[in-house]
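The values are calculated or read from the model by the stated rules, or taken from the named source; none is laboratory data. Predicted, not measured: the structure shown is a model, and the values here were computed from it. Here the Cβ positions follow ideal geometry from the backbone for every residue, glycine too, while neighbour counts run over all protein chains shown.
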Amino acid sequence: MLEEIGRGSPDGRTKRRPIHCEECTIQIGDGYQETIPFEFVDDESSPRPKVMRVCWRCWESLNRRKAKRLGQSDGSSPGLIS
Ligand SMILES: [Zn+2]
């Protein structure tokens, strides 16, 4: 069933090239310290959200920053105190 599909590409998959984390610029890819790029959507960026490819550390901290930003949007407590 799968014979003769895409005669142009012998290996079927596109080889992943190492990319750079858009936050800290380390390389991400096979053989590097970080192997999986994460996508972070920066919806603060205007006019439209920007998708960044970052290492997971940056992804984590970006998300933390984002959550903080959202959590602090109003000065008062969000209702967690009893
Ligand atoms: Zn990074």
Practice prompt. Give the number of residues within the range 48-73 that are assigned to a loop (DSSP other than H, G, I, E, B) and either at pLDDT 90 or above or charged (D, E, K, R) (or both).
Written response: 3
Fill in: Members of the range 17-35 that are of a type in the set (Val, Ile, Thr), more than 7 Å from the ligand (Cβ to nearest atom) and touching an Asp or Glu at 6+ places or on another chain (Cβ under 8 Å)
ILE28
Worksheet item: Applying the selection to the range 30-73, what residues are loosely packed, with under 12 Cβ neighbours inside 10 Å, under 10 Å from the mean Cα position of the chain (by Cα) and not hydrophobic (A, V, I, L, M, F, W, C)?
Response: GLU39
Worksheet item: Which numbered condition trips up ILE5, out of (1) in contact with a Ser or Thr (Cβ under 8 Å, 6 or more places away or on another chain); (2) among the aliphatic types (A, V, I, L, M); (3) at pLDDT below 90?
Response: (1)
Worksheet item: Could you list, in sequence order, the residues of the range 34-47 that are part of a loop (DSSP other than H, G, I, E, B) and farther than 9 Å from CYS21 by Cα?
Response: THR35, ILE36, ASP43, GLU44, SER45, SER46, PRO47
